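Asks: Below: one structure in structure tokens.
Taken together, the values in this text are just the output of simple stated rules run on the coordinates, not laboratory data. Keep in mind that what you see is a predicted model, and the values were worked out from it rather than measured. Cβ atoms come from the backbone with ideal geometry, glycine included; neighbour counts cover every protein chain shown.
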Amino acid sequence: MKMIKTTVIFIVLLVCHQVLADDANKDVEVTALSIGERVVLQSEVLNENRVINVYLPQGYSKALAKDYPVIYLLDGSIEEDFIHIAGLVQFGSFSWVEMLPESIVVGISNVDRRRDFTFPTGNERDKKDFPTTGHSQSFIRFIETELQPYIDAKYRTTSTKTLIGQSLGGLLATEILFKKPDLFDNYIITSPSLWWDDESLLKYTPALYTSKKYVFIAVGKEGEEIERTARELYDKLKVLENENTHLYFEYLKKQDHGDALHLAVYSAFEKIFMQ
């Protein structure tokens, strides 16, 4: 009998709760919140579909004759850095901040970043830890021949392109800067994994370019190897610096490998765009 009474009381409370909930929500309108577009791009170069997340400035409208610079973000999925960087871009382009112009952000979601962000290595430990490694050349070709042309065709863009890469993404950004520098105008390289292949990229002679480049390098308190190689990258570029190069370096002593990116990107936006 006691069990029956308890069950009845529970049912009554449950019904009352549902009635109250329905009453509280009857005048509430719920709609989806969107900050951009999700594009599935079929890549012939990579022989797979790639998800691209696109943030569009608040004022973006096909009815307005205005073009926007594009910021390309490696590790750009929703679960990675896309939302955070899009937020920095939105904040930085507010009229009362004016740190950078309103910009489109293109976040490239990962399928296998160890495969896409690394070039072939002769280091056996690298091969063991990264068994799918060594296909950055194909990924760079995907960016050059498929992704950038698609973005420029679909959206109203200017010719100004910025690349953001952190960790292995920083390694790839450095490789692009060295081998295909004119793919981007601005390079934001944070905590680059230049230890890859026994630091061979630091021995590479970068390709020459004649257009203006802004290169921002940052590293946190991340251990001797990453800190040293980031500084060596800066020193290497400093020797090669000419009137077309604007080079910056920051050591973020209060940040580590996990949280250096956002402060680095904020500082890079200030230095690159507030000229």
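Asks: When the helices in the chain are scored as -39500 (n - 2.57) per DSSP H run of 4 or longer and the sum is shared across all residues, what 222 nm value do you end up with, to the nearest 500 deg cm²/dmol?
Replies: On the way: 10 runs with 106 residues, N = 275.
So the helix-based figure for the chain works out to -11500 deg cm²/dmol.
Asks: Another question about this same structure. How large is the charge dipole for region 116-275, taken about the Cα centre, if only the Cβ atoms of Lys, Arg (+1) and Asp, Glu (-1) carry charge, to the nearest 20 debye? Mind dumping the intermediate values first?
Replies: Details: 20 positive and 25 negative charges, 80 e Å.
Dipole magnitude for region 116-275 comes out near 380 debye.
Asks: Tell me, what is the FRET efficiency for N123 and D235 to the nearest 0.05, using R0 = 22 angstrom and their Cβ-Cβ distance as r?
Replies: On the way: r = 23 Å, r/R0 = 1.04.
After rounding to 0.05, the efficiency reads 0.45.
Asks: Kyte-Doolittle mean at least -0.5 and Cα extent at least 18 Å along the axis: which DSSP H helices of the chain qualify? Please report the intermediate quantities before stating the final value.
Replies: Working: long enough: 2-25 (35 Å, 1.09); 224-240 (24 Å, -0.85); 260-273 (19 Å, 1.04).
Flagged H segments are 2-25, 260-273.
Asks: Let me know the Kirkwood hydrodynamic radius for region 77-228, please, with Cα pairs as the basis and the value in Å to one decimal. The partial results should precede the final answer.
Replies: On the way: mean 1/r = 0.0600 Å⁻¹.
Evaluated over region 77-228, this radius sits at 16.7 Å.
Asks: If I stretch the segment between K212 and K253 completely, what's the gain in nm (0.36 nm per residue apart, minus their alpha carbon distance), one decimal? Kindly include the intermediate steps, with their values, before the conclusion.
Replies: Working: separation 41, 0.36 × 41 = 14.76 nm, distance 2.96 nm.
Here the answer is 11.8 nm.
Asks: Let me ask another. Residues of region 218-240 with the amide nitrogen closer than 19 Å to a label point 7 Å from the Cα of Y204, along Cα-to-Cβ, please.
Replies: Hits in region 218-240 for Y204 at 19 Å: 218, 226-240.
Asks: Next question, about the same structure. Quick check for me: using +1 on Lys/Arg Cβ and -1 on Asp/Glu Cβ, what's the dipole size of the chain about its Cα centre, in debye to the nearest 20? Let's see the in-between values first.
Replies: Working: 30 positive and 40 negative charges, 48 e Å.
So the dipole magnitude of the chain works out to roughly 220 debye.
Asks: Just to be sure I understand: of the beta bridges DSSP finds with both ends in region 42-199, what percent are antiparallel, rounded to 5? Don't skip to the answer; put the middle values down first.
Replies: Numbers: 6 of 20 bridges.
The antiparallel proportion sits near 30 percent.
Asks: Related question: Please give the contour-minus-distance gain from M274 to V51: 0.36 nm per residue of separation, less the Cα-Cα distance, rounded to one decimal in nm.
Replies: 77.1 nm
Asks: Separate question: Rounded, prolate or oblate for region 171-227? Axes are the square roots of the Cα gyration tensor eigenvalues, ordered a ≥ b ≥ c, and the cut-off for rounded is a/c under 1.5. Don't jump to the answer; show the numbers that get you there.
Replies: Values: a/c = 2.85, a/b = 1.52, b/c = 1.88.
It is oblate, given that a/c is not under 1.5 and a/b is not larger than b/c.
Asks: Further question: If the chain between R156 and S34 were fully stretched, how many nm would it gain, using 0.36 nm times the residue separation less the Cα-Cα distance? Don't jump to the answer; show the numbers that get you there.
Replies: Working: separation 122, 0.36 × 122 = 43.92 nm, distance 1.94 nm.
Net length gain for the segment: 42.0 nm.
Asks: Reachable aspartates and glutamates from K203, Cα under 16 Å, same-chain residues fewer than 8 places away excluded?
Replies: Cα-Cα hits under 16 Å: E175, E225, E232, D235.
Asks: Could you name the aspartates and glutamates whose alpha carbon sits less than 17 Å from that of K179, not counting residues in the same chain fewer than 8 places away?
Replies: D116, E144, D197, E199, E241
Asks: Sticking with this one: Going from the alpha-carbon gyration tensor of the chain, what semi-axes, largest first and in whole Å, does one get by taking the root of 5 times each eigenvalue?
Replies: On the way: eigenvalues 352, 123, 78 Å².
Result for the chain: semi-axes of 42, 25, 20 Å.
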